[in-house]
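The structure appears below as structure tokens.
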Amino acid sequence: MTLIKSISGIRGTIGSQVGDDLTPLDIVKFTASYAKFINESSNLNNKIIIGRDARISGEMVSSIVKGTLIASGFDVIDLGLSTTPTVEMAVKLENADGGIIITASHNPKQWNALKLLNSDGEFISSEEGIKVLNYAENNQFNFVSVSDLGSCCYNNDYNSIHIDKVLDLPLVNVNEVKKANLKVVVDAVNSTGGILVPMLLQKMGVNCIKLYCEPNGDFPHNPEPLSENLQDISSLVVKEKADLGIVVDPDVDRLAFICEDGSMFGEEYTLVSVADYILSKNPGNTVSNLSSTSALAEVTSKYSCSYSASAVGEVNVVKKMKEVNAVIGGEGNGGVIYPELHYGRDAIVGIALFLTQLVESKLSVSNLRDRYPKFYMLKRKIQLSEKINIEDIFNFLHSHYEKENKINIDGLKIHFDNGWVHLRRSNTEPIIRIYVEGRTQKDANCIFENVNELIKAFI
């Protein structure tokens, strides 16, 4: 079964089995349920923004979503090939009732998904997501008569608008970046980052070498920006003697860097580095999720500011950021949220801020990375089966480590003297994710091995 219905949206592989794969009927049903939710919860302007990444199935899914929204009485503004943060910004700028982003993010090309936004251009909450799921489950949606049908128009301007708004930010120093005459290699996994990232770099005076920047949806490698998937760009950075490499995922909300020597800057350290720059100019509180590196807390402490952790998921990070009035936040998967622009993970603003920081520091990328606390992280996953009750596992571990500091707002996180482990059920895949961080690689390995040995009794 490869159709996952969750509070995050609906995600699945394109296929033929209704209810098991992401089929046209499933797309109609879920979009109509979202339309019903918007009708009941918004001061209606009868306007929904949509956009998509470059997946092969994107145009097909987009056509079905548009038709369903029009049949539900909404006017649709279609941004076409765009990014998740671009759609988020367009919802606010157009004073729309919501938005749908057609992307399966880091999943392989056979997957697609609908990400659902509220009228603030932010992901709907878990409570709101449950409403949409219930409407879909019970076929509680309606379509309008012919005289009340919505309409569709296309707007190709928002990619440029997004970039211009990033470049207008006070902490983005375009002139200094231009003076540095940087050379950068970009891997956009043949999706829409291949449109926006080179456009941004050109306006910042950066020499851009394109790798996999053709937005045709033919992903040349696994699109998750992890080191094992980035050997091509790592080699090209060294060959071209580039200052750095920039990697984005298909919908451009995750960001990773490659150092000038071909080594990984570390996806976890994207947010750490950008936060360091922001705090150096504008000290304030920071937020990341429970699965993110402790380095952000240490950097925040350096500026005598407060760090807070949230449950995993952009909507949870944003909620916590608003609660503590954070000046920067995000997720350790390379997601930077800069509220000065908007409350959404945004690789475009992350790139602009990082390049400014880099040229102002007058350091190489690898030397910049060396300024930050060193932690070592492992990310593992366990495939779920019907026999496994994850709550039994959590309860056992909670009792076994009764003397350790534990957090259970999202799965179970256990702190040790030499690191931590966080276990949680994925919202997007049928797996348990296990994140481990240690002060040394040996610490991380030891924590994982000890916990994994305990879990084996349940499998």
Would you work out the relative contact order for the range 376-458, in percent, from Cα pairs under 8 angstrom that are 6 or more residues apart? 35 percent
The chain - percent relative contact order, Cα under 8 Å, separation 6 or more: 12 percent
Find how many whole Å separate the alpha carbon centroid of the range 106-127 from the alpha carbon centroid of the range 188-256. 23 Å
Pull out a ≥ b ≥ c, the square roots of the eigenvalues of the alpha-carbon gyration tensor of the chain, then state rounded if a/c is under 1.5, prolate if not and a/b is larger than b/c, and oblate in the remaining case. oblate
Between Thr440 and Ser235, what length comes free when the chain is fully extended (0.36 nm per residue of separation minus the Cα-Cα distance, one decimal in nm)? 71.1 nm
With a 10 Å Cβ neighbour count serving as the proxy for reagent exposure, in which order, fewest first, do Met264, Met60 appear? Met60, Met264
Student exercise, the range 115-191 dipole from Lys, Arg, Asp, Glu Cβ charges, in Debye to nearest 20: 420 debye
Enumerate the whole-percent occupancy of each 5 Å bin, from 0 to the last occupied one, for all C-alpha pair distances of the range 112-167. 4, 12, 11, 17, 21, 15, 11, 6, 2, 0
1/(1 + (r/R0)^6) with r = Cβ-Cβ of Phe396 and Leu226, R0 = 22 Å, i.e. FRET efficiency to nearest 0.05, evaluates to 0.15
Average projected area of the Cα convex hull of the range 161-369, in nm²? 10.2 nm²
With the dipole of the range 129-225 worked out from charges on the C-beta (+1 for Lys and Arg, -1 for Asp and Glu) around the Cα centre, which of Ser145, Gly129, Pro198 lies farthest toward the positive end? Pro198
Which residues in the range 196-226 have a backbone N closer than 18 Å to a point placed 7 Å from the Cα of Glu360 along the Cα-to-Cβ line? 204-205
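Please compute the length gained on full extension between Ser301 and Val144, using 0.36 nm multiplied by the number of residues separating them and subtracting their Cα-Cα distance.
Taking Ser301 through Val144 to full extension adds about 51.0 nm, to one decimal.
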Provide Ile50, Ile455 in ascending order of the number of other Cβ atoms located within 10 Å of each residue's Cβ, fewest first. Ile455, Ile50
Mind checking the dipole of the chain: about its Cα centre, +1 per Lys or Arg Cβ, -1 per Asp or Glu Cβ, Debye to the nearest 20? 560 debye
Take every DSSP beta bridge whose two residues both sit in the chain, then give the antiparallel share in percent to the nearest 5. 60 percent
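Roughly how many debye, to the nearest 20, is the charge dipole of the range 1-60 about its Cα centre, given +1 on each Lys and Arg Cβ, -1 on each Asp and Glu Cβ, and no other charges?
Its charge dipole is roughly 160 debye.
FYI, it's all coordinate maths here, none of it is from the lab. Bear in mind the structure is a predicted one, so any value in this text is a computation, not a measurement. Here the Cβ is made from the backbone with ideal geometry for all residues, glycine too, and neighbour counts use every protein chain on show.
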